[in-house]
């Protein structure tokens, strides 16, 4: 065998791999499925960009209000809603939080504190941020139909067969925000009862 013959490559036998991996052919069905997937992702992103912009933009006109009415239930359900009044032109002037007092049948008193973002770690704040938004609007009179359900939810945390909850009181605490008053002691929160009622037998089942 001479040097030229030694440099010749051997032909692979039938069925033997050549060392190069052939790219798998994509069928038209796979390509169509990928196009649908990408299209669905783009529609999802575009919808949320439009919805968030329409809900948050500090402007009111007929067409915009119509879009808001369509997307607002979804935005409330997902917790994506945001109002510009948090920043301008009239940002909130009070800090508020809600507590519940549960009085049992034997007159034992328990206090339930709803999650407060300033008392939670970063991970918990991320998961429970919706509590803050919920509690900001809960004491408003327009949300009065929710109060009995909230009271029952709290009462279930202290339910006992020997000493069941008898009454629930929901209290909002508010303290004024003083811009530029850094370093000054926090004002004492003002309590305000916005709901109290007795529980009926069987309500906590």
>> P(r) for the range 28-85, please, calculated from all Cα pair distances in 10 Å bins and given in %.
In response: 21, 41, 20, 14, 4, 0
> Order of 32-40, 192-200, 100-108 by packing, highest average Cβ count within 10 Å first?
Replying inline: 100-108, 192-200, 32-40
> Principal axis lengths of the range 92-198 from Cα atoms, whole Å, largest first?
Replying inline: 51, 30, 28
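Bear in mind that the values in this text are calculations on the coordinates, not laboratory data. From a predicted model like this one, the values you see are computed outputs, not experimental measurements. Glycine also receives a Cβ, built like all others from the backbone with ideal geometry; neighbour counts cover every protein chain displayed.
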